[in-house]
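Let me begin by presenting the structure, written as structure tokens, before commenting on it.
The values are calculated or read from the model by the stated rules, or taken from the named source; none is laboratory data. These figures come from a predicted structure and were not determined experimentally. Because the Cβ atoms are built from the backbone with ideal geometry, glycine has one as well, and the counts that use them run over all protein chains shown.
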Amino acid sequence: MLMRHTHPELQFTHMLPYGAVVHERGVQFVVFSRNATRMRLLLYGKVEDTEPSEIIEFDRDSDRWGDIWSIFVPGVGAGQLYHLQADGPFDPSRGLRFDGRARLIDPYAKALAGRFQPAVDGVLRPPKCVVIDDRFDWEGDRHIRRELSDSVIYEMHVRGFTAGPTSDCRHPGTYLGVIEKIPYLKELGVTAVELMPVHEFPINTFDGRPSTRPNYWGYDPLAFFAPHRGYAADSRPGAQVDEFKQMVKALHEAGIEVILDVVFNHTCEGNEKGPTLSFKGLENSVYYMLESDPTYYKNYSGCGNTVNGNHPIVREMIFHCLRHWVHNYHIDGFRFDLASILSRDRNGNLVPNPPLVEAIGEDPLLADTKIIAEAWDAAGAYQVGSFGDERWAEWNGRYRDDVRRFWRGDGGLLGPMATRMSGSSDLYQPGGRHPYSSINFITSHDGFTLNDLVTYREKHNFENGEDNRDGDNNNYSENYGVEGPTNRRLIDDLRLRQIKNMLATLLLSQGVPMIVAGDEVRRTQRGNNNAYCQDNDISWFDWRLVRKNAELFRFAKTLIHFRRHQPTVRRRTFLTGQSNGNGRLPDVSWYSPVGTAVDWLNDQAMICLLTPPPAEADPEGAGRAVMLLMNASPYGREFILPPVAKGHSWKLLVDTAERQPFDAYPDGNGPPLPADGRLTLPDRSFCCYVEADRSA
């Protein structure tokens, strides 16, 4: 049924903002399309309806303003379900892919409802858009605005964190389930959760059937403005919006910030063989980068298409999206997946000052947020150390690789290790950036867990159904004699020691540490380093591990607490290796195990002495000198304190060669350094001593 509402006294002339905007007596629907010849709005009564209850035609003369189609529909409101439908030329050779039969998701839809329904006569039926009223009682909640340099980030998957049967949650696998686990996050001490994609992505296949390889991670966007409906406890349309806000509010009450992993590099519509679900059917050549033959898509994402992020229309959409999450959801920051794609112009060329990257850094509404780049893409761009300006931080892939290789025992890594632990000045100082520009990580969702990094030499991804061809082959991992779990005590003790070594390195390095959920309790993916499709116990957090590996949890908690209260290991300016006067020691100095000059090329052990920041950078006077002793060699080494360290009173903080309770001293009152300044570190071990009394 075609129907055109004609109520002049109720008509509005709002051309912006885009999407479905609730007004007092109805809803304004606004969409961009330059080449559409007709536009329709399909309204539905129920989620399960296969056909619209009403079809409303936009009037090309009165409902179109430039390239913006806008119509006010009286008598509808929040909760209304809808699709768009656009007629226009289907001419792939010109980059045009209109299909007047296709039911389209509004690019600015704030929520989706239902699933893909079986196609009829070749017409896909995607989830329905939901009109949302953004009002919510935040009870005074605002962004926490914690300094990035003071942050400890915890990367986690909303569903995977509580989906397993061991979570003991009332609402497993949901936003509300995260709320139930906030006491755990507070006890661990992390300051921010970085959520893997929570914007809408397909739950199952486009024909409505369950997928044999479900998109568990969520890196396949369907609607950028909409929180994922699959993580809501309540299945009613729009419930996910309220539950997501409840989660953010509760995390903020606990002092924990929320960072979103956003994917503006591609969509789930795929290449020229993919479905028409939204962007293709509204203005394909604007939303995507196309080849010289516009029939085909440039593919810098490795996922079939590439979002045309530096086109003014798409750039505007991305801005609106980021502002939407900050304003309506109180989000504290963003991690941009495959961010180097945002540095490519409309022809796919990397440009030195990409408009989108610069504008995100300068946007006034985002000024309080953290912006973090994954500074590479799937087409070979690698911009670690050179992405954006000082507003941007980066996932530091160089840190990950150098730390893994050092503790594995690779030679020639003392110099790179010292550089990474000092904040990667080689990468960030030349551009006028800071140590906190480096997001330090050893593991992430993409790759081995920390437990598997020391348990498997090779990836084991056969359960993904791709004959183990997927996933990275360069893991810098080691199994120490047995591939996979073992009952051999010596091997398992060594693995635990190596996990502690890497956690201690991560949490005592300058820069910003990021931990993957479960690494603090030895979560395993059974050797799978690409668990993108494993919505099962391979990926889920096993909460039994918290008790089973209480020793490691206590160790990690001790280091996180120490870091948060110790400015010496999270300085905001780069270390210089020089004294700041008044007879003080250099801010950092490096020594061989016997207290002499370091043999940077041939040794595998060293001492690092850090002195506290100056008073103006440490007004509370909390800073203490910190001494790190590292032995990555496969045999024990004697360490002799350098003369400059002998005038201090040192107390042990952590010793990775010991077992609980002698591996970590949460109260900071560990045993003193031997009086003669000599001690032996076993193979592959790490000690941290802290100055007990600054007046000494």
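Descriptive notes on the structure:
- In segment 199-226, the residues that are among the hydrophobic types (A, V, I, L, M, F, W, C) and under 16 Å from residue 517 (Cα atoms): 217
- One residue stands out in segment 70-121 among those that are over 27 Å from residue 48 (Cβ atoms) and basic (Lys, Arg): the one that is surrounded by the fewest Cβ atoms within 10 Å (Cβ to Cβ), namely 94.
- Scanning segment 116-142 for residues that are more than 26 Å from the chain's Cα centre (by Cα), in a loop (DSSP other than H, G, I, E, B) and under 13 Å from residue 223 (Cα atoms) turns up just one, 126.
- Unique match (being surrounded by fewer than 22 Cβ atoms within 10 Å (Cβ to Cβ) and aliphatic (A, V, I, L, M)) among 427, 450, 414: 427
- Of residues in segment 269-288 being within 16 Å of residue 93 (Cα to Cα) and of a type in the set (Asp, Glu), the one surrounded by the fewest Cβ atoms within 10 Å (Cβ to Cβ): 272
- Selection within segment 270-289 - closer than 28 Å to residue 394 by Cα and of a type outside the set (Phe, Trp, Tyr): 270, 289
- Index of the failed condition, residue 205 passing every other in (1) farther than 25 Å from residue 46 by Cβ; (2) in contact with a Ser or Thr (Cβ under 7 Å, 6 or more places away or on another chain); (3) in a loop (DSSP other than H, G, I, E, B); (4) not acidic (Asp, Glu): (1)
- Any pair with Cβ under 7 angstrom, 6 or more apart, that starts in segment 634-661 at a residue that is closer than 25 Å to residue 498 by Cβ and ends at one that is among the aromatic types (Phe, Trp, Tyr) and assigned to a helix (DSSP H, G or I): 653/562; 654/555
- Some residue of segment 219-233 being surrounded by fewer than 24 Cβ atoms within 10 Å (Cβ to Cβ), farther than 27 Å from residue 528 by Cα, touching a Ser or Thr at 6+ places or on another chain (Cβ under 7 Å) and not aliphatic (A, V, I, L, M): no
- From the list 61, 67, the lone residue that is under 36 Å from the mean Cα position of the chain (by Cα) and loosely packed, with under 15 Cβ neighbours inside 10 Å is 67.
- Counting only helices (runs of 4 or more DSSP H) that fall entirely inside segment 342-432 and contain at least 1 residues that are modelled with pLDDT under 95, the qualifying elements are 355-362.
- The set of residues from segment 612-660 being within 19 Å of residue 680 (Cα to Cα), over 32 Å from the mean Cα position of the chain (by Cα) and of a type in the set (Val, Ile, Thr) comprises just one member, 640.
- Residue match in segment 567-586 (condition: surrounded by 22 or more Cβ atoms within 10 Å (Cβ to Cβ), free of Cβ contacts under 8 Å to residues at least 60 places away in the same chain and assigned by TED's automatic domain parsing to the domain that holds residue 654): no
- Only one entry of 563, 554, 497, 522 meets the criterion of being over 30 Å from residue 464 (Cβ atoms), within 22 Å of the chain's Cα centre (by Cα) and touching a residue at least 60 places away in the same chain (Cβ under 8 Å), and that entry is 563.
- Flag for residue 250 being part of a loop (DSSP other than H, G, I, E, B), modelled with pLDDT of 95 or more and surrounded by fewer than 22 Cβ atoms within 10 Å (Cβ to Cβ): no
- Conditions (1) in contact with a helix residue (DSSP H, G or I) (Cβ under 8 Å, 6 or more places away or on another chain); (2) surrounded by fewer than 23 Cβ atoms within 10 Å (Cβ to Cβ): number failed by residue 380: (1)
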